[in-house]
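Here is the structure we will look at.
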Amino acid sequence: MTAPAGTLYRGREGMWSWVLHRITGVGIFFFLLVHILDTALLRLSPEAYNAVIGTYQTPIMGIGEVGLVGAIGFHALNGLRIILIDFWSVGTKHHKLMFWIVIALWVVLMLGFTPRHLMNVFGG
């Protein structure tokens, strides 16, 4: 049986890798945009800069930092996976296994970072 047109991935590892790579890339882009803009405030008005930075020092932003580190970690690991698929002669053969390796490494990264970071955020 052949797959209907337009439904090639149907939720498999390749599709989720593609979707997550785009989502994390866009999220990182917007973080960098905001970071550049708020850093530019320092030159215009140190008081405005300090006010903006003060709003970042909240528990909500601390949780957001976990999301940022998660996005950067996944994006970086998946980027290495994509490089292997592109330049390793058997990369496409092993792309599903490499996806699960990326997920496992990402989980280890997040398990190492998240508790310690949240202890700092919530004063533990």
- Query: For the range 71-82, does any single residue satisfy the condition of being without any contact (Cβ under 8 Å) to a residue 24 or more places away in the chain and closer than 29 Å to Met119 by Cα?
  - Reply: yes
- In the range 104-123, how many residues are among the hydrophobic types (A, V, I, L, M, F, W, C), open to solvent by less than 80 Å² (accessible area, probe 1.4 Å) and under 30 Å from Thr58 (Cβ atoms)? 7
- Which is within 30 Å of Arg12 (Cβ to Cβ) and open to solvent by less than 60 Å² (accessible area, probe 1.4 Å), of Arg81, Arg22? Arg81
- Name the pairs: first residue in the range 90-103 and free of Cβ contacts under 8 Å to residues at least 40 places away in the same chain and open to solvent by less than 40 Å² (accessible area, probe 1.4 Å), second residue charged (D, E, K, R) and not in a loop (DSSP other than H, G, I, E, B), Cβ to Cβ under 7 Å, at least 6 apart or on different chains? Met98/Arg81
- Message: It is to be established whether one or more residues within the range 54-61 are without any contact (Cβ under 8 Å) to a residue 40 or more places away in the chain, under 27 Å from Val121 (Cβ atoms) and not in a helix (DSSP H, G or I).
- Response: yes
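The values are calculated or read from the model by the stated rules, or taken from the named source; none is laboratory data. Bear in mind the structure is a predicted one, so any value in this text is a computation, not a measurement. So basically every Cβ, Gly included, is an ideal-geometry build from the backbone, and we count neighbours across all protein chains shown. Protein only, heavy atoms only, side chains kept; ligands, DNA and RNA dropped before computing areas. Shrake-Rupley method; radii C 1.70, N 1.55, O 1.52, S 1.80 Å.
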